[in-house]
Amino acid sequence: MAYSGLRIIKEALTGHKGWRPAWRDPAPKAHYDIVIVGGGGHGLATAFYLAKRYQTAKVAVVEKGWIGGGNVGRNTTIVRSNYLLDGNQPFYNLSLRMWEDLEQELNYNAMVSQRGILNLVHTDAQRDAARRRGNAMILAGDDAELLDTEGVRELYPFLNFENARFPIKGGLLHRRGGTVRHDAVAWGYARGADRLGVDIIQNCEVTDFRIEQGKCLGVETTKGFIGAGKVGVAVAGSSSRVMAKAGMRLPIESHVLQAFVSEGLKPIIPGVITYGAGHFYCSQSDKGGLVFGGDIDMYNTYAQRGNLPVIEDVVESGISLIPALGRVRLLRSWGGIMDMSMDGSPFIDRTQVDGLYFNGGWCYGGFKATPASGLCFAHLLATDTPHEAAQAYRLDRFRTGRMIDEKGQGAQPNLH
Amino acid sequence: MTEVNRLDGGQINRAKEVSFTFDGHRYKGYEGDTLASALLANGERLMGRSFKYHRPRGVLTAGSEEPNALVELRKGGRQEPNTRATVIELFDGLEAAPQNAWPSLRFDAMAVNDRFSNFLTAGFYYKTFMWPKAFWEKIYEPIIRKAAGLGSISFEEDPDLYDKGFLHCDLLIIGSGPSGLAAALTAGRSGARVILADEDFRMGGRLNSETLALGDQSGADWAAAAIAELADMPNVRLMSRTTIVGAFDHGTYGAVERVQDHVAVPQEGKPRQIFWRIYSRRALLCAGAMERPIAFADNDRPGVMLASAVRSYLNRWAAAPAQEIAIFTNNDDGHRTAADLIAKGVSVPAVIDVRADAPSVAGTELLAGAEVIGTSGRLGLSSVTVRLANGQTRKVNCGALAVSGGWNPNVHLTCHQRGRPQWDADLAAFVPGTDLPVGMSVAGAAMGQLSTAQALSSGACGAATALEAIGITASAIDLPEAEDAPISLKPFWHVSGGKSRAWVDLQNDVTVKDVKLAHQENFVSVEHLKRYTTLGMATDQGKTSNMLGLAVMAELTGKSIPETGTTIFRPPYTPVAMGTLAGRATGKHFHPTRKTPSHRWAEEQGAVFTEVGDWLRAQWFPKAGETHWRQSVDREVLQTRNSVGVCDVTTLGKIDVQGKDAAAFLNKMYANAFAKLPVGKVRYGLMLREDGIAYDDGTAARFAEDHFVVTTTTANAVLVYRNMEFARQCLFPDMDVQLISTTEAWAQFAVAGPNARKLLQKVVDPEFDLSNEGFPFMACGEVTVAGGCRARLFRISFSGELAYEIAVPTRYGDALVRRLMEAGEEFGVVPYGTEALGVMRIEKGHAAGNELNGTTSALNLGMGRMVSKKKDCIGNTLSEREGMNEEDALKLVGFRPVKSDETISAGAHLMNASGAVNAKVDQGYVTSAAYSPVLESSIGIGFLKNGDARKGEIIRAVNPLAGQEIQVEVVSAHFVDPEGERLRA
Amino acid sequence: MMIDHPLLGLRDAQEFTYLGDASLIDRPDWRSDTAQEEFHDYLYLRDNPAGEHRELWYHEAGDRSWLVVTRNMLTHEITQVELARDVARARGRSK
């Protein structure tokens, strides 16, 4: 059933009886061409593009819990393509262009809202770095503007210009960046994939891979064995746990990133602001809540919750930047488990097991990557060759010394 | 306005009348009132508008879980949106305004949304607004954003103070109702260190709201006596107005104390609120339970309230929500409410009880087996329609309806570490599960022990058990006799068959119909339901709605409630003002400010300062007549290069390395060799990360066989020290080496320029030979200055001039800079700041932070040959990976504009002389750029593919951000004195 | 979080800086024929267990001890805290 304003009117007048399930709940078949492990944003997008663009006939997504319950449902909804390094640029460029067409492709309003992302700079060295990045973005086909203090003030007059410990000296503005209603992305892809015949199997945990003579034949699950021509794993947050079942150790650690939302407020912040002198970034949802976050909690963990030092640090930074928020209340906090990789960049690659493919290591930036990650992973699964936008995302890049280290922090995942 | 609904009695202070305004009208109330109780006493039921449909709403609860009665409290910088009228303590002069209503609370234009509600069902926005594509951001979304949101902020800075504090205790008791008080008495009398915290301004919990007796006292009197006893115990800290907002790891709790929210303006010097971090050995959750509503058609009219809230207003605040109050219940609490109302002389037209076998109530009519199927009244309830047991309907006139659907234990804090509550079929509610935060236990109604007697005994017992676990013996205390009624409840969630909408989440306007639609569309998991319908996402975090939503979904799926899902809660328990979490770390106090030893002197010179990490450093020293910073900087550079300049370089990290293995240790730390450095000499050193990337550089000076002084960059002072400690303790534990950071212990100044020696000879005591032979380039030694003050002297140069760095104990730094300037007067000495420092280092091609950006190797920096292959050091093995040694690797080179009046920008990208300009053909980037007053030209350094083989080549530096593209010549990065003759002079 | 420092007793984890898996103590021998491969595994690969994890914490705002903390990654329960130097010696590290 196609969604539209007319359809809503028709349903409203006929008691909303016609709405069908957004996706089915089928029982697993014995065998699929491709099984995707992980019903998050990336897994669902992969399945959608496999069916839509690579005409793969039989695809299943198996999900341990409910779809969209991982990081696609617990992030701060930001999309952007403001990368510096040539390993990342084509990929995020592709992803942002895909976001721009997503809703029409999915027939689902994910509220893609290009309200602009502003990264503030507070020192001359930061301005130099922002100039290098902004130029890199433009040269890669993305948009960027370098604002001075007055330019920032025009956009956000209520930032702390008067009494700041670290004065605002300007900012890098990426107008095509913005936010997307995160849950809707999972649901939109799920519905889209389902309509193309993909089986989305919820509450079905993969307990093992069936690997014989170096070839992956399928997955053992809590709903029985599911055979597969190929298996693609997209379980960021649990990558190490799942891939350990195939005997792999990954260049990944698990860390928790907390995020926060305030009580609903009338519009304050039109775009996304990132503080350059503290750990704080913030936007305002369409519902009115300020959605904000900061740094990860620093220690390895699989617990989807954080501790006070980071909560306080984030809010201190926030109030330093926007003093007018002092009496706004923080309503809710949550934590998501990040696949923090050794250089801060992801992997979309084959593994040493024939027929087993891996997608992960997204750090805290997996949400904005969702469309391109799905497409590139689908491309790899369907063609056995890396998509041209994701060629650098190799698992062996540390062996060869070809790191993609945007932040220049080296092999310490919690600093990326 | 008059207090038409004010009754006798209650726990308000009638001696202290206060005046307040709401929605522009003036009212009076008493100290001890909340805004909600005072408005009810004044006959006002309408207090807010709902989020989506702007329906008129009144108060539902008497506590912090209130979803409806949200107001904007105060004005200007103190304006506080979304404040629950139920917890606002009344003070004289209080001003509150309704929110999310325009032009007024009574006539809200946006209420038109309600007419279109059939089109605005759950998730409707996911299905439309997609065409044309550009319309979402331009048309639809701005309208939605404007309509959405609740309260507003003033954009003024909050004038109030906030503090943070730390507390420690053996037992933290959360909640001061009967269980909490019994626990506190038990623990307090045992001598344990106890904190008793309660969010309310009056301790006692439900004891203040009920008419039940404890022994021969009223509940409120017993509570007051218990609190008085506790207040006299030195080992007990009573914290009223204090909400425990989060349970964190290892017994750490976050708490918000509202110190001065109950006055118009905080007392001078007092914080408005304090955020406490409480370290507890054990915690006992005595948070009670929350009554839950029943959904029925039009159950959102002002006047429809929870029965427990009605009793609170009646008994504690002596305010009747209306003159006639009907009851709708599925359990005996409804009957208790009727009895309390009748005792206070309020008319109770009927008790509507869904139980067919409900016991009768004296003084009113019982409608057993009946259900409320509708309500009427435009801005407040005027009647309810009841479907009787026999199927007939009947209208009951009433101004309020007290609803009781049973109780939900307050399990919230038990879930903060993702513990899952478990289902208790007798209560038809979730109770704490088994996976509680470590050290936490639960007592009283929060544990499902709903009678007063159970609460008292489980509180006392819970405290004793918790203390026993940490070796403290508590003896049993005498507990008063108290009500111990069994639970008599028929699980009942919503009335089916009503014609109108029945609300589940009152604030977010989620109705039973929305839950049904979610089910129809397969959003059946609790998480999907919440996210699709926004159920439970309101400011009450689902406290009044989650269970109901879950129950409706369970009914639809045909599963039991626990099979359908659980609801868990995340911090904070109630919303926390961001100012409180920020404390004093705001504005200029966001981070500490570190000042250099010459700061005061530099201020006297009129220096312009800049932030370098937490440090403030002099950026340049403007002189009279200089109108542009470049004039000052050029002068400082030229005068230094022509005569002598002084710069405070104290901020560089300094690490003292001592021990027999000090040299061997530094040999591991630095990429280049240090083992053979002679005593009295300094060497430049480059540090790599283990991945072979350069991360810091500096010098190591050998003062003795077993003593080195290492310097690091300002930015990495902490990191280098940490890494050295890591190597010392974790990698080479048997090396005889000791480290201490001495960054703050020594004030250090660079003295640079052809006259540097002459100047220093006037300051360093004469017995020390500073001649080029006696103290050559890269020498170091201990000297004295100014007649005996100990100092360290290093002949090192960042500027490329004949230069020294001289260090004295920090407390003499101010004196030394004054002495240097005085002694240098004859040479025209200048102080120079970080800008001139930067210009001179770029002129010399020295790498700094912009070049050591975490992605560049020794090879990239032109120091590949420095990396010793003959020894082990951090980073050398992995620096040999193929990807880091490619033929066209980036190399550090210099650039000069072909047209001398053009300017090179740091951050420009490098492109070949002709051809395309895009990321695919990127050749590198400019890291640092400056105007060189020596060369009278803009210059830059940066990384260029295969750069060292391209000197002389003309390429383009592009800066599309500024629409700039200039031709530059690739040159050596050593612009000034490439042979280094000046620094050896 | 609270860390029971072997020398100083219970301290708030906020006083510490976290590094990562305690296997970072086991730095390979640079002279090995397969040194590059060993350093790769040492620096980049992690067990990342969803359970007990031995990890390095540095008491940066304290006595500057490096500690090996054994902590559960699902519950954050800490079961053992040792001085990293003792652990390093026990694993055969010396100079």
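The values are calculated or read from the model by the stated rules, or taken from the named source; none is laboratory data. This one's a predicted model, so the numbers in the text were calculated from it and none came from an experiment. Every residue, glycine among them, receives a Cβ derived from its backbone with ideal geometry; neighbour counts consider all protein chains shown. Areas reflect the complete protein model, heavy atoms only, side chains present, ligands, DNA and RNA absent. Shrake-Rupley method; radii C 1.70, N 1.55, O 1.52, S 1.80 Å.
General observations
- Condition check for A:L84: within 11 Å of another protein chain (Cβ to nearest Cβ), out of contact with any Leu (no Cβ under 6 Å at 6 or more places or on another chain), among the aliphatic types (A, V, I, L, M) and assigned to a loop (DSSP other than H, G, I, E, B): yes
- Count of the range A:38-57 residues which are over 25 Å from A:S4 (Cβ atoms) and open to solvent by 10 Å² or more (accessible area, probe 1.4 Å): 6
- A single entry from A:S254, A:S262 fulfils the requirement of being at the interface with chain B (Cβ under 8 Å from one of its Cβ atoms), in contact with a Phe, Trp or Tyr (Cβ under 9 Å, 6 or more places away or on another chain) and crowded, with 24+ Cβ neighbours inside 10 Å: A:S262.
- Taking the criterion of being in contact with a strand residue (DSSP E or B) (Cβ under 6 Å, 6 or more places away or on another chain), under 21 Å from B:D977 (Cα atoms) and not in a strand (DSSP E or B), the residues of the range B:733-789 that qualify are B:G753, B:A756, B:M778.
- When B:L207, B:L230, B:L185 are screened for being surrounded by 19 or more Cβ atoms within 10 Å (Cβ to Cβ), within 34 Å of the chain's Cα centre (by Cα), within 22 Å of B:S441 (Cβ to Cβ) and aliphatic (A, V, I, L, M), only B:L230 passes.
- If only residues of the range B:122-142 that are more than 23 Å from A:H16 (Cβ to Cβ) and open to solvent by 60 Å² or more (accessible area, probe 1.4 Å) are counted, the one that is nearest to the other protein chains (Cβ to nearest Cβ) is B:K133.
- Residues being loosely packed, with under 15 Cβ neighbours inside 10 Å and within 14 Å of chain A (Cβ to nearest Cβ) - total across the range B:609-629: 2
- Checked against (1) under 30 Å from C:L43 (Cα atoms); (2) out of contact with any Gly (no Cβ under 9 Å at 6 or more places or on another chain), B:G942 passes all but condition (2).
Condition check ((1) farther than 25 Å from B:L427 by Cα; (2) part of a loop (DSSP other than H, G, I, E, B); (3) without any contact (Cβ under 8 Å) to a residue 40 or more places away in the chain) across all residues:
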position	(1), (2), (3)
B:L517	yes, no, no
B:E527	no, no, yes
B:K543	no, yes, no
B:P562	no, no, no
B:T567	no, yes, no
B:P572	yes, yes, no
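- Going through (1) surrounded by fewer than 21 Cβ atoms within 10 Å (Cβ to Cβ); (2) facing chain A (nearest Cβ under 8 Å); (3) of a type in the set (D, E, K, R); (4) under 35 Å from the mean Cα position of the chain (by Cα) one by one, B:R193 falls short only on (2).
- From the list C:R27, C:R31, the lone residue that is open to solvent by less than 50 Å² (accessible area, probe 1.4 Å) and either assigned to a loop (DSSP other than H, G, I, E, B) or more than 9 Å from every other protein chain (Cβ to nearest Cβ) (or both) is C:R27.
- Positions within the range B:143-173 being among the charged types (D, E, K, R) and either under 30 Å from B:E468 (Cβ atoms) or facing another protein chain (nearest Cβ under 9 Å) (or both), in sequence order: B:R145, B:K146, B:E156, B:E157, B:D158, B:D160, B:K164, B:D170
- Test: residue in the range B:418-438 that is more than 19 Å from B:N546 (Cα to Cα), assigned by TED's automatic domain parsing to the domain that holds B:L181 and in contact with a Lys or Arg (Cβ under 8 Å, 6 or more places away or on another chain): yes
- Test: A:R133 is crowded, with 20+ Cβ neighbours inside 10 Å and outside any strand (DSSP E or B): yes
- Per-region count, the range B:835-862, residues touching a strand residue (DSSP E or B) at 6+ places or on another chain (Cβ under 6 Å) and open to solvent by 30 Å² or more (accessible area, probe 1.4 Å): 4
- Applying the condition of being touching an Asp or Glu at 6+ places or on another chain (Cβ under 8 Å) and open to solvent by 20 Å² or more (accessible area, probe 1.4 Å) to the range C:39-49 and asking which residue is farthest from the other protein chains (Cβ to nearest Cβ) yields C:Y42.
- Contact map, the range B:407-429: first residue without any contact (Cβ under 8 Å) to a residue 40 or more places away in the chain and more than 13 Å from every other protein chain (Cβ to nearest Cβ), second residue surrounded by 17 or more Cβ atoms within 10 Å (Cβ to Cβ) and of a type outside the set (K, R), Cβ cut-off under 9 Å, separation 6 or more or different chains; pairs are B:D424/B:P409; B:D424/B:F430; B:D424/B:V431; B:D424/B:G448.
- When the residues of the range B:62-111 are filtered to those that are among the acidic types (D, E) and under 17 Å from B:D158 (Cα atoms), the one that is least open to solvent (accessible area, probe 1.4 Å) is B:E80.
- Answer residue from the range C:59-71, given it is open to solvent by less than 40 Å² (accessible area, probe 1.4 Å) and over 9 Å from the mean Cα position of the chain (by Cα) and is farthest from the other protein chains (Cβ to nearest Cβ) among those: C:G62
- Extreme residue, surrounded by the most Cβ atoms within 10 Å (Cβ to Cβ), among residues of the range A:270-293 that are more than 10 Å from chain B (Cβ to nearest Cβ) and farther than 24 Å from B:H589 by Cα: A:V272
- Within the range A:87-130, considering residues that are charged (D, E, K, R) and either within 9 Å of another protein chain (Cβ to nearest Cβ) or not in a helix (DSSP H, G or I) (or both), the one farthest from A:E388 (Cα to Cα): A:D124
- Among the residues listed as C:A13, C:A88, the single one being open to solvent by less than 40 Å² (accessible area, probe 1.4 Å) and within 13 Å of the chain's Cα centre (by Cα): C:A88
- B:D340 satisfies every condition listed in (1) open to solvent by less than 50 Å² (accessible area, probe 1.4 Å); (2) in contact with a strand residue (DSSP E or B) (Cβ under 9 Å, 6 or more places away or on another chain); (3) of a type outside the set (S, T, N, Q) except (2).
- Filter result for B:Y573 (of a type in the set (F, W, Y) and open to solvent by less than 10 Å² (accessible area, probe 1.4 Å)): no
- Any chance A:G278 is more than 23 Å from A:R397 (Cα to Cα), part of a strand (DSSP E or B) and more than 18 Å from the chain's Cα centre (by Cα): no
- Counting only helices (runs of 4 or more DSSP H) that sit completely within the range A:298-411, those holding 3 or more residues that are surrounded by 22 or more Cβ atoms within 10 Å (Cβ to Cβ) and within 10 Å of chain B (Cβ to nearest Cβ) correspond to A:308-321.
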